[in-house]
Amino acid sequence: GTIVKELVYTDPTADTASEVLKLKGVNIDAIFSTDISFFFNAGMQRLAQYGITAPVFSQYAVELPAVRELVEGVYYSFPGGLVGSDGAVSALAQNATEVLGQAIIKCAGVYACVKSELEVSGQFDSTGVSTRDFILKQIKSGQAEEVK
């Protein structure tokens, strides 16, 4: 896609009204919010108030209990292959601890060995970014549902 408008919030506690109003009349197919401050600051309510109906996308933090009630209908990326009901934040932290813990134990804490173990684990690309697949989810009636 093409980014047609980028909104930057310098004050994460400020009302989103003036920024969201900038989207009125702009031909957009979707909105992507990179973090959850948009939602905490009435972003979804402002979109509805100004009649902006483009689908909203974000990332897995929208599943957090404190955010979930603010993000009805929002689509979001979610790390694939995670198990458990505590959500991605908890599952990713647990996964990172397990992967790193195994390498530390195997290498007796020797940094160069641990680094090498992580590099050859197959879980990261050459720049250290996770190679995990992502799935798409949506909040529906307050619940996280995978989008097929």
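Overall, the chain carries a charge dipole of about 180 debye about its Cα centre when +1 sits on the Cβ of Lys and Arg and -1 on the Cβ of Asp and Glu, all other atoms neutral. In percent, rounded to a whole number, the relative contact order of the chain is 19, using alpha-carbon pairs under 8 Å and six or more apart. Sorting the Cα pairs of the chain by distance into bins of 5 Å, from 0 upward, gives 2, 8, 15, 17, 15, 13, 10, 9, 6, 3, 2, 0 percent per bin. Whole-Hz Karplus values for region 95-108 come out as 4, 4, 5, 5, 5, 5, x, 4, 5, 5, 5, 4, 9, 6 Hz, taken residue by residue from phi with 6.51 cos²θ - 1.76 cosθ + 1.60 and θ = phi - 60°; glycine and proline positions read x.
Taking amide H as placed 1.01 Å from N in the peptide plane, the amide H of GLN59 sits under 5 Å from that of SER77, each at least 5 places away or on another chain.
Expressed as a whole percent, the accessible area of the chain that falls on carbon and sulfur atoms is 56 (1.4 Å probe). Here LYS140 is the anchor, and the lysines within straight C-alpha reach of less than 23 Å, apart from those fewer than 8 places off in the same chain, are LYS148.
Solvent-accessible surface of the chain, taken per residue with a 1.4 Å probe and all protein chains present: 64 Å².
Across region 49-118 the C-alpha pair distances fall into 5 Å bins from zero in the proportions 3, 14, 18, 14, 13, 11, 10, 7, 5, 3, 2, 1 percent. Based on the Cβ-Cβ distance of ASP35 and VAL110, what FRET efficiency does E = 1/(1 + (r/R0)^6) give at R0 = 35 Å, to the nearest 0.05? Plugging the Cβ-Cβ distance into 1/(1 + (r/R0)^6) gives 0.45.
The values are calculated or read from the model by the stated rules, or taken from the named source; none is laboratory data. Just so we're clear, the structure is a prediction, and the values are computed from it rather than from any experiment. As a convention, Cβ positions derive from the backbone with ideal geometry for all residues, glycine included, and neighbour counts pool all protein chains shown. When the accessible area is computed, the model is the full protein with side chains, heavy atoms only, and any ligands, DNA or RNA have been set aside. Shrake-Rupley method; radii C 1.70, N 1.55, O 1.52, S 1.80 Å.
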